[in-house]
Amino acid sequence: MDNMAIYIDITKCTACRACQVACKSWHQLKAEQTRNRGSHENPPDLSAHTWNRIRYIERVKEGHISWKFFSDRCRHCDPPDCQFMADTYLEGAVIKDSSGAVIFTEKIKGIDPNEILSSCPYNIPRYDPETNMVFKCNMCIDRISYGLQPACAKVCSTGAISFGKKDDMLKLASTRINQIGGDATLYPGEGYNTLWVLPDKEMLKHI
Ligand code: SF4
Ligand code: SF4
Ligand code: SF4
């Protein structure tokens with residue numbers, strides 16, 4: 001399979017959270033009880049049953065409040081630190097697929113979950129004691145293997161989430177960065193299969 005990437009332009013995200021719902025729906029992830037925390041941001045964190053969540057980033061700039069919305073999920077790092085750590089215990093527990101997707105397999109049950117959790121520099125995987133599995137976004141490998149878009153990209157109505165060959169996604173991101181101007185930037189960088197465009201570098205402090 002071609003090397004693919006998810007590209008997210010956070011300047012186009014309206015926090016509708018259709019991507020959160022689509023992820024739960026496609027992967028049949030159960031709903032979780034939440035409570036009003038004085039914010040529209042909900043749920044408060046990723047979990048074994050929430051693999052993508054919209055983080056609300058509120059900033060005050062020149063006397064004006066600015067909201068930006070960041071779809072937090074696995075970066076599908078290339079190479080992934082989680083795979084590097086897992087391979088020291090059990091090869092095949094974490095796979096970097098040719099598509100670019102980083103996949104946790106059933107073999108991960110043979111590794112101390114705390115080792116997996118602490119290996120990720122982005123605090124993404126979550127442990128589920130009921131199944132003894134560690135979960136995170138898998139780039140909808142079951143969809144993209146059949147030529148479909150990831151569920152989150154399929155439902156994003158504003159065009160904030162795109163999916164395609166990584167080279168094409170990098171070109172889209174570069175064009176958008178030039179359009180936005182200033183110090184708009186690519187995050188985390190080219191060595192990943194999830195790519196975000198941020199409107200400015202100050203945003204990096206909030207991610
Ligand atoms: S579906 Fe698109 S616009 Fe809606 S929250 Fe997700 S990324 Fe943002
Ligand atoms: S973000 Fe974390 S869990 Fe995802 S591939 Fe990178 S190291 Fe692994
Ligand atoms: S790519 Fe699939 S698994 Fe990952 S956040 Fe989107 S819908 Fe969820």
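Structure notes:
- Figure legend. Inter-residue proximity from segment 110-129: first residues farther than 13 Å from Gln83 by Cβ and free of Cβ contacts under 8 Å to residues at least 40 places away in the same chain, second residues within 13 Å of ligand 2 (Cβ to nearest atom) and in a loop (DSSP other than H, G, I, E, B), beta-carbon distance below 6 Å, spacing 6+ or different chains. Indicated pairs: Leu117/Pro125.
- The single condition from (1) part of a strand (DSSP E or B); (2) over 22 Å from Gln83 (Cα atoms); (3) aliphatic (A, V, I, L, M) that Val134 fails is (2).
- As a summary of the residue check, Lys30 satisfies the conditions (1) surrounded by fewer than 18 Cβ atoms within 10 Å (Cβ to Cβ); (2) over 23 Å from Leu204 (Cα atoms); (3) within 16 Å of ligand 2 (Cβ to nearest atom) except for the one numbered (3).
- Test: residue in segment 166-179 that is surrounded by fewer than 18 Cβ atoms within 10 Å (Cβ to Cβ) and on the phi > 0 side of the Ramachandran plot: no
- The single residue among Ser71, Ser66 that is in contact (Cβ under 8 Å) with a residue 60 or more places away in the chain, among the small types (Gly, Ala, Ser) and either in contact with a helix residue (DSSP H, G or I) (Cβ under 7 Å, 6 or more places away or on another chain) or not in a loop (DSSP other than H, G, I, E, B) (or both) turns out to be Ser71.
- Residue count for segment 1-47, restricted to those that are away from ligand 3 (no atom under 11 Å from the Cβ), aliphatic (A, V, I, L, M), in a loop (DSSP other than H, G, I, E, B) and modelled with pLDDT of 95 or more: 1.
- Qualifying residue in segment 83-90 (condition: charged (D, E, K, R), part of a loop (DSSP other than H, G, I, E, B) and either out of contact with any Phe, Trp or Tyr (no Cβ under 7 Å at 6 or more places or on another chain) or free of Cβ contacts under 8 Å to residues at least 24 places away in the same chain (or both)): no
- Qualifying residue in segment 81-98 (condition: touching a strand residue (DSSP E or B) at 6+ places or on another chain (Cβ under 6 Å) and within 16 Å of ligand 1 (Cβ to nearest atom)): no
- Only residues that are surrounded by 13 or more Cβ atoms within 10 Å (Cβ to Cβ) and of a type in the set (Asp, Glu) were counted across segment 88-122, and they come to 2.
The values are calculated or read from the model by the stated rules, or taken from the named source; none is laboratory data. Keep in mind it's a predicted model, so treat the numbers as computed, not measured. Methodologically, a virtual Cβ is constructed for each residue, glycine included, from the backbone with ideal geometry; neighbour enumeration extends over all protein chains shown.
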